[in-house]
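This report concerns only the one structure given below.
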Amino acid sequence: MASGERVADEVIAGAAPDERADVTPGTVVLLHGLARGARHMRILEWRLAARGYRVCNLDYDTRVADFDHALDAVRRSLLACVPSSGRIDFVTHSLGGLVLRGLLDRHPEPRAGRAVLLAPPNGGSEIADRLASVPLLARVIGPLAGHLGTGAQDLPRRLPGLPIPVGVIAGSRWINPAGPLWLPTPHDGTVSVESTRLAGMSDHLVLPYTHTFIMNPAEVADQVDAFLRRGRFERPPEAEGRVPRRG
């Protein structure tokens, strides 16, 4: 049974302001999550294209043991897809957010604009902690899965933040039955809302969607569009002055 409660939006106090002027749609790069492919981002691709973006929906192999090799492969695909000039924005799902953090650290991109991370395990996943010792996990979805936990030596904690304005959208509904057993509430069945936070993020929003399908709703595409254009998510006027929630 899914949790149906909408978790309050948050305005991030103390985040570095994004003072750049509103921008018109340009090129946006999509990065999918673990054990998935570009086809899983296709609905979001169509929605963003309808809003005026040129979309590069990159496919890359997540079943790799060497994270740096994955970053290099994504970089090659990115350069083959994006124009030779102009701003580049990013939208990621789950592991894709970690890939972007590693990518822009390993391959700095001066044209990078803004990024929206959907359900990112920025602080790791408690479910990954539980399953790290299960050999079948690595065989089914790849060895990277065993490095997505919450420990100091796990990938999410070792990667640097992002050098560009970042908005994070977390989910608060779940269909994964392990979610309520192993994750602190609220969560999306795979990642807790608390774990989606990233130091220095410009904005954070919680919407009532599951980890698996958070990239598909029109509401999410609208919020992605808002952040890429203006550097913040859309909220009712009365929500603008809210203090941050931390739990």
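Below is a table of values for the structure above.
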quantity: Search result, residues across region 213-231 that are farther than 19 Å from GLY33 by Cβ and either among the aliphatic types (A, V, I, L, M) or modelled with pLDDT under 95 (or both); calculated: ALA218, ALA226, LEU228
quantity: Residue within region 21-34 that is assigned to a strand (DSSP E or B), touching an Asp or Glu at 6+ places or on another chain (Cβ under 8 Å) and among the hydroxyl-bearing types (Ser, Thr, Tyr) present; calculated: yes
quantity: Pair list, Cβ < 7 Å and 6+ apart or interchain, from region 211-234 residues that are outside any loop (DSSP other than H, G, I, E, B) to residues that are of a type in the set (S, T, N, Q) and surrounded by fewer than 21 Cβ atoms within 10 Å (Cβ to Cβ); calculated: none
quantity: For MET1: the one exception among (1) at pLDDT 60 or above; (2) part of a loop (DSSP other than H, G, I, E, B); calculated: (1)
quantity: Pair list, Cβ under 8 Å, 6 or more apart: region 62-76 residue part of a helix (DSSP H, G or I), other residue among the β-branched types (Val, Ile, Thr) and at pLDDT below 90; calculated: ALA70/THR62; ALA70/VAL64
quantity: Selected residue (criterion: nearest to ASP89 (Cα to Cα)) from residues of region 168-179 that are touching a residue at least 24 places away in the same chain (Cβ under 8 Å) and not aliphatic (A, V, I, L, M); calculated: GLY171
quantity: Flag if THR196 is more than 16 Å from VAL116 (Cβ to Cβ), β-branched (Val, Ile, Thr) and in contact (Cβ under 8 Å) with a residue 24 or more places away in the chain; calculated: no
quantity: Enumeration of residues in region 51-60 that are under 18 Å from VAL23 (Cβ atoms) and not hydroxyl-bearing (Ser, Thr, Tyr); calculated: ARG51, GLY52, ARG54, VAL55, CYS56
quantity: Those residues of region 27-37 which are under 20 Å from ARG101 (Cβ atoms) and under 16 Å from the mean Cα position of the chain (by Cα), in sequence order; calculated: VAL28, VAL29, LEU30, LEU31, HIS32, GLY33, LEU34, ALA35, ARG36
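Rundown of residues vs (1) modelled with pLDDT of 95 or more; (2) charged (D, E, K, R), yes/no style:
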position: LEU48; (1), (2): yes, no
position: CYS56; (1), (2): yes, no
position: HIS69; (1), (2): no, no
position: ALA80; (1), (2): yes, no
position: VAL91; (1), (2): yes, no
position: ASP105; (1), (2): yes, yes
position: ARG114; (1), (2): yes, yes
position: LEU118; (1), (2): yes, no
position: SER125; (1), (2): no, no
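The values are calculated or read from the model by the stated rules, or taken from the named source; none is laboratory data. Just so we're clear, the structure is a prediction, and the values are computed from it rather than from any experiment. We place every Cβ from the backbone using ideal geometry, glycine too, and count neighbours over all the protein chains shown.
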